[in-house]
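The values are calculated or read from the model by the stated rules, or taken from the named source; none is laboratory data. The shown structure was predicted, so the numbers you read here are calculated from the model rather than taken from an experiment. Because the Cβ atoms are built from the backbone with ideal geometry, glycine has one as well, and the counts that use them run over all protein chains shown. Only protein heavy atoms, including side chains, enter the accessible area calculation; ligands, DNA and RNA are left aside. Shrake-Rupley method; radii C 1.70, N 1.55, O 1.52, S 1.80 Å.
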Amino acid sequence: MDPNLRITPEHIESLSEGEVFVFGSNLRGMHGAGAARAALRWGAETGVGEGPSGSTYAIPTMFATAAEIAPYVDRFIAYARRHPGLKFLVTKIGCGIAGFTVSEIAPLFSAAAEVENIYLPAEFRDIITQLNIQ
């Protein structure tokens, strides 16, 4: 893997100024477990199931198929492009409670690979590189 790639740390314990914790949510914004629960410490608001709140950005992932997540990922990428002064740390959204695999979710972020302020999990980067999607 290219060491110059933007990689999200495996475990995020704190955020620096301008960093945004990007996590998987449900549309109701009930942040009860996993990365969604962790997001509460950085200002994720109960009832906000998509978009920014505090130093977080919620992407809904509780759907039957990964394809249903795609429009939300696309909106996130567009948001990140409009906010180049922020650094977005994408967690392995959809790969915990939502039950998807990295190989199902990673391709949804192919367009994010070229966005300078989006950092992706190493596993997502590996899949995107393997698929030659960049």
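Tabulated data
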| item | result |
| --- | --- |
| GLU19 surrounded by 14 or more Cβ atoms within 10 Å (Cβ to Cβ), in contact (Cβ under 8 Å) with a residue 60 or more places away in the chain and out of contact with any Cys (no Cβ under 9 Å at 6 or more places or on another chain) | yes |
| Total residues in the stretch 15-55, condition over 16 Å from the mean Cα position of the chain (by Cα) and polar (S, T, N, Q) | 2 |
| Count - residues of the stretch 22-56 that are closer than 12 Å to LEU89 by Cβ and open to solvent by 10 Å² or more (accessible area, probe 1.4 Å) | 4 |
| Considering residues of the stretch 63-75 that are of a type in the set (A, V, I, L, M, F, W, C) and open to solvent by 60 Å² or more (accessible area, probe 1.4 Å) only, the residue nearest to ARG6 (Cα to Cα) | ALA67 |
| Subset of the stretch 76-121 that is among the small types (Gly, Ala, Ser), surrounded by 15 or more Cβ atoms within 10 Å (Cβ to Cβ) and out of contact with any Phe, Trp or Tyr (no Cβ under 7 Å at 6 or more places or on another chain) - its residue that is farthest from TRP42 (Cα to Cα) | SER103 |
| Residue in the stretch 81-99 that is among the β-branched types (Val, Ile, Thr) and over 12 Å from the mean Cα position of the chain (by Cα) present | yes |
